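Student: If you scroll down you'll find the structure; I have some questions about it.
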Amino acid sequence: MVSKYHEKIGVIKDKLSLLLKEIITADELSLEAFKLYDAKRFKEVENILSKISFSGDEIDNEIIKTFALFGPEAKELRFLIAFLKMTNELVSIGAGVKKYARRMSEHAKSGCDLEPFKPSILLLHKSSINALKYILECFTNIQECNYEDNYRKVLVEESMNDDLFSVLEKEILNKIIDEKELSIEYVKVLGSLRKLERSCDRSVNIANLMMYAKLGGEIKLFNQIIKI
């Protein structure tokens, strides 16, 4: 028989999975919007993620109530701490996707020529989505997931993402030198693309948290060490 505590953990996990699915749906729509320079689809992305902060607060409240009601220890406590941090990471990723959609829609109207960078931007975006999908695979099969293997997969995507961003950064900086009148706009484009890079970085943090929750030990995130 499943205990009330484990029922609560199941509810929290399902809410996190739903939030992640919404983010991936919006992210994939944003990718399609960029392919077509479709302002309506970019706007739809913003609508999908309009309540991202509210969803995050709702999950945090569930976690806090679970702390208060059950006073979990050791392994159970690790999972709740990990879930609490995952929520923050997911909300940040979702907020980044929303900002990316809004800004890329603006860039498409600004006079910037994004066509030379399009192949690399698409690859950059796909790698950030792939990293999120690996996370979702683990969430939907949390008992069978190989957390270490999942972490390595996300790291591969993050490494590819970093390389692609470095290439784009160099190409766009050269464009800034050549296109002086639009230099500020190209700087803004670079800032928008950094949202995709940060998404991959945060996916690594989530994969790291999942491994910590399952295996224990110690985890290093944001220059902090948590030991349980």
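Throughout, read-outs are computed from the coordinates displayed, never taken from laboratory work. Since the structure is predicted, the reported quantities are computational estimates derived from the model, not experimental observations. All Cβ positions, even for glycine, are placed from backbone atoms using ideal geometry, and neighbour counts span all protein chains on display.
Student: Report the longest stretch of the chain that contains none of the GluC sites (Glu not before Pro) sitting in a DSSP loop with at most 12 other Cβ atoms within 10 Å.
Tutor: So the longest stretch without any such site is 145-228.
Student: Further, regarding this structure: If R₀ is 35 angstrom, what is the calculated FRET efficiency for the pair LEU18 and LEU215, using the beta carbon separation as r and rounding to 0.05?
Tutor: 0.90
Student: If you don't mind, there's one more thing I want to ask. Over what distance in Å are the Cα centres of the range 21-42 and the range 111-189 separated?
Tutor: So the two Cα centres are separated by 15 Å.
Student: Using Cα springs under 10 Å in a Gaussian network model of the chain, which residue among ASN205, ASN130, ASN146 shows the largest mean-square fluctuation?
Tutor: ASN146
Student: For every other residue with a beta carbon closer than 15 angstrom to the beta carbon of LYS118, add +1 if it is Lys or Arg and -1 if Asp or Glu, then tell me the sum.
Tutor: With Lys, Arg at +1 and Asp, Glu at -1, the net is -2.
Student: Shifting gears a bit: Over the Cα atoms of the range 56-110, what radius of gyration and what Dmax do you get, in Å?
Tutor: Both quantities, over Cα of the range 56-110: 16.8, 54 Å.
Student: While we're on this one: Modelled label-to-label distance, LEU123 and LEU136, 7 Å Cα→beta-carbon offset: nm?
Tutor: 2.4
Student: Over the chain, with a Gaussian network built from C-alpha contacts below 10 Å, which listed residue (LEU69, LEU155, LEU123) shows the highest mean-square fluctuation?
Tutor: LEU69
Student: Hull surface divided by four, with the convex hull built on the Cα atoms of the chain: how many nm²?
Tutor: Quarter of the Cα hull surface area: 13.0 nm².
Student: Turning to a different aspect of this structure: Using only DSSP helix segments of four residues or longer, with each worth -39500 (n - 2.57), what per-residue ellipticity at 222 nm results for the chain after dividing by its residue count and rounding to 500?
Tutor: -29000 deg cm²/dmol
Student: How tilted is helix 4-36 with respect to the longest principal axis of the chain? Cα atoms for both, answer in degrees (0 to 90, nearest 10).
Tutor: 10
Student: What angle, in degrees between 0 and 90 and rounded to the nearest 10, separates the Cα long axis of helix 39-48 from the longest principal axis of the Cα atoms of the chain?
Tutor: 20
Student: Run down the aspartates and glutamates and flag those whose C-alpha is under 17 Å from the C-alpha of LYS153, throwing out any fewer than 8 positions away in its chain.
Tutor: GLU137, GLU144, ASP162, ASP163, GLU197, ASP201
Student: Can you tell me how much longer the chain between GLU171 and SER159 gets when fully stretched, taken as 0.36 nm per residue apart minus their C-alpha distance, in nm with one decimal?
Tutor: Roughly 2.4 nm would be gained on extension.
Student: Here is a further query. Rounded to the nearest 10 degrees, what's the angle between the helix 74-109 long axis and the longest principal axis of the chain, both from Cα atoms, 0 to 90?
Tutor: Once rounded, one gets 20 degrees.
Student: Go ahead and run the numbers for FRET between GLU115 and ILE64, Cβ-Cβ distance against an R0 of 41 Å, rounding to 0.05.
Tutor: E between GLU115 and ILE64, to the nearest 0.05, is 0.25.
Student: So which of LYS98/LYS175; LYS4/LYS133; LYS8/LYS65; LYS51/LYS126; LYS21/LYS43; LYS21/LYS118 end up more than 21 Å apart by C-alpha?
Tutor: Correct reply: LYS98/LYS175; LYS4/LYS133; LYS51/LYS126; LYS21/LYS118.
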